[in-house]
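Shown next, in structure tokens, is the structure this report addresses.
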Amino acid sequence: MFLWLLSLLIFLADARKSRQVAVSLNADWPTLPISPALEASEFFAEASQASFWEFAKRLTRSADEEKLATTNAVLAHTLITARTMAPPLYHTVLEVSLDTRAFAPAVEFQRQLSLSSARAVDNACATQFAKGQAWSVIMWPGAPSRPVAACTPNDLDINRRPTASTASVPAAVPAVVLNQHDHVYPSRPLSPDVPTIYLHGLIGTPSFHTYHTALVAMAEEGNIVYVFRHAPNPERAVSPVTYLRGFGVTLDLKSMQYNSLDDQVLGGDEDEEEGAGDEDEDDVAAAVVSPEEEELNGIYFNTLLARHPQLSTQLNELKEQFELDNKEGSDGDTMKVWDMKHLGLQATSRIIAAKDPLKRLGEISSNFPLYAKRLVTVPVDSKLIRQAQNVQNNVLKATRGGGRGGGSGEASSTSVLLNGQSIKAESDGFNIFELLTTILSEATTSARFQQLNLPDPILSAVKVASQSGATFGSQIADLIGLRIDTRSKSKGCIYFLNNIEKDKHYKRWPKDLRALAQPGFQLYPVRKNLYTGIFVLDPTTEQGVQALGALFKTHSMMIPLRMGLALTAASGSGNAALVDTVVRLLVYAKKKHGAKSSNGFLSELSKQQEFPMQLNHVLAAYARGLKAAAGSWTEGTYVTEAQELLHPDNR
């Protein structure tokens, strides 16, 4: 855990010139020209490690000296690269994240880890670190010695494991260890004893590319575990600090100027008026406002006229204009209750009609009393009124689980909904970074749905279903997330290995649901299909066969889970025809011989050891499975049966 210090700089302008207060919040984290690329990589790592490595590969492949020269050039190159691998919503969130420096803490954390690694090897690669070049540290599992530095790709010798003589050297502190925030290249080590190589550098740079190419080859061969960490050097920074955005600052101001004033109501005494004339005219005007004078749109015109008589013509014209505007806006100085009926919608109409809606929103929200009297005359479209009513009803439904028109008072409160989820924007704990994380999560879910290539009507139905029901947005949904029932209308698409309600395997289990009320530390066995798991796998691949074996082992352990299989060919495997054969044989076995035989077929298939799987392996598993289920002496009959099913013309 590293310590970081935030410094708050407050610049107060001269009160006579401006009443604005400028607040700048920064942290002592270096900002480099390549910082946008580093923070963008952490953005993709938030989605998945695979996305991080894909972004690093694409950014480095198309990078050159010109694209990495300045911050603007790096930002442009980063956004262009992101467009090639992220949907539009991802790209919008990425731009906001880079603007708010949302992932600057993650990059700084990686930098602190790099500093720890450098100290662990006695700064052996200080030259490379100072130049912004990549360098690495080799760590052997269980080795008591300190890690070994590999400052160039030529130093990557994984065979120089520390010997017994060097093992007695005390380990450096802090030790170089893997943590959950590291970027580990996806690979399968040959053994647990392979070394771990920590690469420290800047993605996109030539030195990173050289190192990365060598380490990827070694990792894919299973000889190492490849870990990458950002290592920005403060000496090459364009700014020694990082200006932070999205943080709220509370500033309490108290006037320390005390004026001795008489709080009595002035009665117009001539002596007092003459005495007052002896005081400095400007001081009196600044300190005392006549009780008879009323402000107009926040301005005391009599006081201004006394201070600046040379501007009397302009001030009188401005006063007349204000009075005319107020009179036209509300036919009087006081607004009536019925004038406020659609005041919010009238302000909305004015904002929508503006050339710069965002600017107009800021003006009206910051000075609403000033605009209120003029807003009451703005016409409101009936369509806008209906839309506002629908929004209020949806907000009530999502935030309270209530029906249409239920409750009053809450509909007018400030509410933020994100795909039906209520965001507590008014709470003290609200921050823009959690909101961006939530939006990114929603974008990830949306992208996964898009990858299913479902027709638009089905996607719309899923959206409607996800936004209906009293439990959506509740604490339960927050804990378990959005669930989609894939069982409805799925007959023929999903094969169930078991049925807890009907299989004899579970006949001793109680049917009474009250058994669930008993205390327990696992799923309580009840003869009901309460828990269902749908597993999508390719039964012809090694991973799919291993998954089948795990499911049958789970089935034998009497776990109260109904298990369903959706068999499909893995992307790019080229096994579609063989998977189709497995499905046809499975359906035929269940229809003609029963569920015991079809399960036996899959059980034998899960024992397959030779890959890539061939048709003869599938036929052999079919024959063995049905033979065991029927208690037959021979497999030849079932082999012939399968061949006739697959090739009816050869009968």
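Taking 0.36 nm per intervening residue step and subtracting the Cα-Cα distance, what contour gain separates Ala566 from Gln112 on full extension?
Extra length from Ala566 to Gln112 when fully extended: 158.9 nm.
Show me the ranking of peptides 234-242, 614-622 by mean Cβ neighbours inside 10 Å, starting with the highest.
By packing density, highest mean first, the sequence is 614-622, 234-242.
Around Leu417, which amide H atoms from residues at least 5 apart in sequence, or from another chain, sit under 5 Å from its own amide H, with H modelled in the peptide plane?
Amide H neighbours of Leu417: Ile423.
If the chain between Arg386 and Val416 were fully stretched, how many nm would it gain, using 0.36 nm times the residue separation less the Cα-Cα distance?
8.9 nm
Out of the GluC sites (Glu not before Pro) in the range 598-638, which ones are loop residues according to DSSP with at most 13 other C-beta atoms within 10 Å?
Taking the range 598-638 and a limit of 13 other Cβ atoms within 10 Å, the loop GluC sites (Glu not before Pro) found are Glu610.
Distance in nm between label sites at Phe368 and Asp157, each 7 Å beyond Cα in the beta-carbon direction?
In this crude spin-label approximation the distance works out to 7.3 nm.
Quick one: which residues, 5 or more positions from Thr532 or on another chain, have an amide H under 5 Å from its amide H? H modelled 1.01 Å from N in the peptide plane, none for Pro or chain starts.
Arg562
Coordinate-derived values only; no laboratory data. Since the structure is predicted, the reported quantities are computational estimates derived from the model, not experimental observations. Quick reminder, even Gly has a Cβ in these numbers, built from the backbone with ideal geometry, and neighbours come from all protein chains shown.
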